[in-house]
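Read the structure below first, then the notes.
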Amino acid sequence: MYLLDALSTPAQYLPIAIQFAFGVLFVAGMIAISHFLGPKRNTSDKLDTFESGIEQIGNARQPMAIKYFLVAILFVLFDVEVIFFYPYALNFKSLGWEGFAAVCMFVTFFFAGFFYIYKKGALKWED
Amino acid sequence: MPINYYIFLAIILFCIGVTGVLTRRNAIIIFMCIELMLNSVNLLLVAFSKMHHARALAAGAANTTAGIEAQLFVFFIMVVAAAEVAVGLAIIVMMYRNTHSVDINFLNRLKN
Amino acid sequence: MNLIIISALSGVVMMFSGLFVKNNRTISYIATALIIFLSLATMCELGAKSWFNIPQAEAMLRTSVYGKLIGVILTIATTFYFVLSGKDIERVGKHVADYYALMFFVLAGAGILLSFQNLLMLFLGVEILTIPLFILTGAQKQNLKSNEASLKYFLMGAFSTGIMLMGIVLIYGAMGSFDLSVIGKKAQFATPIHGANLMGLLLLLASMAFKVSAAPFHFWTPDVYDGAPTVFTSFMATIVKVAAVVAFIRLFEGSMEPFHTSKWQILVSILIACTLLVGNITAVFQQSVKRMLAYSSISQAGYMLFAVFAFNAFGKEGITIYGLSYSLATIGIFSVLSKMQDITFDGFNGLARQYPGIAFALTVFVLSLAGIPLTGGFLGKFYMISAGAASNSSYTWLFILAILCAAVSVYYYFRIIQAMYFKERVSDTPVFEVPVSKAFPILLIVVAALIILIGINPQILLQYLYF
């Protein structure tokens, strides 16, 4: 059928395979050469994380405020819901008032959710 | 471009996702692999949508909407995946606060 | 449509009632009122037309009489669940109204699964059903077991959703439509079956087996059921499971009609045999009643899968009886279990002397789960196995295996009865964490009477299938 037909012959893929092999060998060879030939001077400055020349402060894996996390998650949710407006915008005229009512209902549910998280205190930054 | 390329690409991505879920031990990475699976499905949906559309056009149906439902399906997958991300990350954070680790090898309290 | 719309709205109402009502008992009363209203609404839909007439939705959701009846069963079971376990839900954590809201959302997802006509709705229904469950499983935020169960459930659930989506897409690629009836029509002319279509069907089968926790896709079930708060385990093991099984049947009966060859039955019979064996044999070795019920729920799913094996009227009738009697019995046992101090078998020691009413009701539940005659569970098992025999009688080994497994299950179910009636209580600790109310044993006995009523006269339920 249409779906899985017209497979090219394996021979046509030979140049690609050669290029693949060459690429892998080249990269591996370069890494190996630089590993064996390069001088090794390990100073403490060199082993530090590079942060544009500024001395690093503390650990990057510090726990961050959970407030930020909550707001980020809520942002993801509300941001993605906007996706449903794209098909509506394309058919804005042909859907008429009925479509508008449907979208209004959708937005109402949306606001219900927003009101809920607001009332729950998820958006409060200061305790 | 023939549809086969898309199918192969999507299936390879999907298999990478499955392999990642089955072999990795970090909850976040497993989660990313699941997202990879979903996104490969999205890619395949869009490709099939185009394919069915072109086929309907070739069959002589002008102004056809064939294939449009697959693109809508992609929207739904994205939204549901976002909802899943919200819940999943919340669960992972809850786990992290209690154990200070996201390694799923920690998950053996229920075995005995 | 009543079930979907009203339960979704009830969920929103519960969310907001949590903001404005501070008393947990009041919240439970609101939830109980809403669920009673919801079950009345589904009953009205069974008798007459739906309250909501949305012709545009025909291509997406199409309710059959069967789906409506299962909807009634699910809401009735949830009503009993809310009434029996309301106090335990209040004890889980701080956000009582949200737990109720999530359970209403689960019911909305179940409503979609009972009536989907399009694979898009199957996907949405499954997600609406499971995402709230991830949260409910992790409701005890400080409890590491609950955390772990919810993370496991989440990862496994999302993974199986990915597999399901791949299956749906492959079928779409081969068939050019998500509509079940269109797929069914096209599949009749596509012989031999298309490669992509076959692959898609297998992936869908695997993911649905995952959702109903059929072996060999069951491994998440015991851990999740064990780790989740006991009240929510009850909800997951009953209402959610029945909805998932019915979705399984609905998915494969329409579009996959041409696929119902001998090969299909071989595949499903292996699935059933594995499920029955794994569920029953591992349940024998459990010390915790909660974990034993988790394994036994796997084996009960195995019996329900006979409807997927057979796809005939017998199977549908069987699921109706099985769904109700299994749900009620399990909800009853869990409602007692979630009040108890010690959830091992020893915790039941001497229960009959202190609480004869509760012990009697528990005995009926256990008998029904084990499939002893005169209970609904017996008739359920009987219908399921005869459905299989009616569709293809050459699978004698499978039916014998099913009956043997029922006999094995008697052993571990009867350990509860043995503990209650024939063992003395050694320790001085009270049986229950919280004092049970006077009405609780009476309610339990009402549920037990209902199970026996179904077992004696199933027609009161089945007549609605042929309205």
(message) All but one of (1) at pLDDT 90 or above; (2) assigned to a loop (DSSP other than H, G, I, E, B) hold for C:ASN53; state the number of the condition that does not hold.
(response) (1)
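Results for (1) surrounded by 15 or more Cβ atoms within 10 Å (Cβ to Cβ); (2) modelled with pLDDT of 85 or more; (3) in contact with a helix residue (DSSP H, G or I) (Cβ under 9 Å, 6 or more places away or on another chain); (4) more than 9 Å from every other protein chain (Cβ to nearest Cβ), shown as yes or no for each residue.
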residue: B:ILE30; (1), (2), (3), (4): yes, yes, yes, no
residue: B:CYS33; (1), (2), (3), (4): yes, yes, yes, no
residue: B:LEU38; (1), (2), (3), (4): yes, yes, yes, no
residue: B:VAL46; (1), (2), (3), (4): yes, yes, yes, yes
residue: B:HIS53; (1), (2), (3), (4): yes, yes, yes, yes
residue: B:ALA66; (1), (2), (3), (4): yes, no, yes, no
residue: B:ALA82; (1), (2), (3), (4): yes, yes, yes, no
residue: B:GLY88; (1), (2), (3), (4): yes, yes, yes, no
residue: B:ASN105; (1), (2), (3), (4): no, no, no, yes
(message) For the range C:315-348, which positions are surrounded by 21 or more Cβ atoms within 10 Å (Cβ to Cβ) and outside any helix (DSSP H, G or I)?
(response) C:SER338, C:LYS339
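For every residue, the table says whether it meets (1) at the interface with chain B (Cβ under 8 Å from one of its Cβ atoms); (2) of a type outside the set (D, E, K, R); (3) touching a residue at least 60 places away in the same chain (Cβ under 8 Å); (4) buried (at least 21 other Cβ atoms within 10 Å of the Cβ).
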position	(1), (2), (3), (4)
C:LEU114	no, yes, yes, yes
C:ASN118	no, yes, yes, yes
C:LEU122	no, yes, yes, yes
C:PHE134	yes, yes, no, yes
C:GLU148	yes, no, yes, yes
C:MET164	no, yes, no, yes
(request) Read through the list (1) at the interface with chain C (Cβ under 8 Å from one of its Cβ atoms); (2) aromatic (Phe, Trp, Tyr); (3) within 23 Å of C:LEU129 (Cα to Cα), then give the number of the only condition that B:PHE75 fails. (result) (1)
(request) Please work out which residue is surrounded by the fewest Cβ atoms within 10 Å (Cβ to Cβ), limiting yourself to the range C:41-50 and to residues that are at pLDDT 85 or above and not hydroxyl-bearing (Ser, Thr, Tyr). (result) C:CYS44
(request) Select from the range C:418-440 the residues that are in a helix (DSSP H, G or I), over 14 Å from C:ARG353 (Cβ atoms) and in contact with a helix residue (DSSP H, G or I) (Cβ under 8 Å, 6 or more places away or on another chain) and list them in ascending order. (result) C:PHE440
(message) Which of the helices (runs of 4 or more DSSP H) found entirely inside the range C:191-249 contain at least 3 residues meeting this: within 17 Å of C:ILE333 (Cβ to Cβ) and within 14 Å of chain B (Cβ to nearest Cβ)?
(response) C:220-227
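Would you say C:GLY93 is surrounded by fewer than 21 Cβ atoms within 10 Å (Cβ to Cβ), within 14 Å of chain B (Cβ to nearest Cβ) and in contact (Cβ under 8 Å) with a residue 12 or more places away in the chain?
Yes, satisfied.
For the range C:172-189, enumerate the residues that are among the hydrophobic types (A, V, I, L, M, F, W, C), more than 8 Å from every other protein chain (Cβ to nearest Cβ), in contact (Cβ under 8 Å) with a residue 60 or more places away in the chain and within 22 Å of B:ASN42 (Cα to Cα). Steps first, please.
Taking the range C:172-189 and keeping what is among the hydrophobic types (A, V, I, L, M, F, W, C), we get C:174-175, C:178, C:180, C:182-183, C:187, C:189.
From the residues that got through so far, the ones that are more than 8 Å from every other protein chain (Cβ to nearest Cβ) too are C:175, C:180, C:182-183, C:187, C:189.
If we keep only those that are in contact (Cβ under 8 Å) with a residue 60 or more places away in the chain as well, we get C:180, C:183, C:187.
C:LEU180, C:ILE183, listed by residue number.
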(message) Taking the criterion of being surrounded by 15 or more Cβ atoms within 10 Å (Cβ to Cβ) and more than 7 Å from every other protein chain (Cβ to nearest Cβ), would at least one residue in the range B:56-63 satisfy it?
(response) yes
(request) Give the residue, chosen from C:GLN459, C:GLN463, that is surrounded by fewer than 21 Cβ atoms within 10 Å (Cβ to Cβ) and within 14 Å of C:LEU324 (Cα to Cα). (result) C:GLN459
(request) Taking A:ILE33 as the residue in question, decide whether it is modelled with pLDDT of 85 or more and either closer than 25 Å to B:MET51 by Cα or away from every other protein chain (no Cβ under 14 Å) (or both). (result) yes
(request) Please verify whether the range A:85-105 includes one or more residues that are in a helix (DSSP H, G or I), basic (Lys, Arg), out of contact with any Phe, Trp or Tyr (no Cβ under 7 Å at 6 or more places or on another chain) and at the interface with another protein chain (Cβ under 10 Å from one of its Cβ atoms). (result) no
(request) Among the residues of the range C:150-162, count how many are of a type in the set (Val, Ile, Thr) and at the interface with another protein chain (Cβ under 7 Å from one of its Cβ atoms). (result) 0
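Please pick out the residue among C:ILE270, C:ILE298, C:ILE321 that is more than 25 Å from C:LYS423 (Cβ to Cβ) and without any contact (Cβ under 8 Å) to a residue 12 or more places away in the chain. Explain how you work it out, then say what you get.
On the way: C:ILE298 fails: without any contact (Cβ under 8 Å) to a residue 12 or more places away in the chain; C:ILE321 fails: without any contact (Cβ under 8 Å) to a residue 12 or more places away in the chain.
One residue alone meets the criteria, C:ILE270.
In the list C:ILE35, C:ILE73, C:ILE54, C:ILE6, which residue meets the criterion of being under 23 Å from A:PHE111 (Cα atoms), in contact (Cβ under 8 Å) with a residue 24 or more places away in the chain and of a type in the set (Val, Ile, Thr)?
Working: C:ILE35 fails: under 23 Å from A:PHE111 (Cα atoms); C:ILE73 fails: under 23 Å from A:PHE111 (Cα atoms); C:ILE54 fails: under 23 Å from A:PHE111 (Cα atoms).
After applying the criteria, what remains is C:ILE6.
Quick grid of which residues meet (1) over 19 Å from the mean Cα position of the chain (by Cα); (2) among the small types (Gly, Ala, Ser); (3) modelled with pLDDT of 90 or more:
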position: C:PHE306; (1), (2), (3): no, no, yes
position: C:ALA313; (1), (2), (3): yes, yes, no
position: C:SER327; (1), (2), (3): no, yes, yes
position: C:GLY332; (1), (2), (3): no, yes, yes
position: C:VAL336; (1), (2), (3): no, no, yes
position: C:ASP346; (1), (2), (3): yes, no, no
position: C:THR363; (1), (2), (3): yes, no, yes
position: C:VAL366; (1), (2), (3): no, no, yes
position: C:GLY380; (1), (2), (3): no, yes, yes
(message) Exactly one of these conditions fails for B:ILE92: (1) in a loop (DSSP other than H, G, I, E, B); (2) within 9 Å of chain C (Cβ to nearest Cβ). Give me its number.
(response) (1)
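The values are calculated or read from the model by the stated rules, or taken from the named source; none is laboratory data. If you're wondering where the values come from, they're calculated on a predicted model, not measured in any experiment. So basically every Cβ, Gly included, is an ideal-geometry build from the backbone, and we count neighbours across all protein chains shown.
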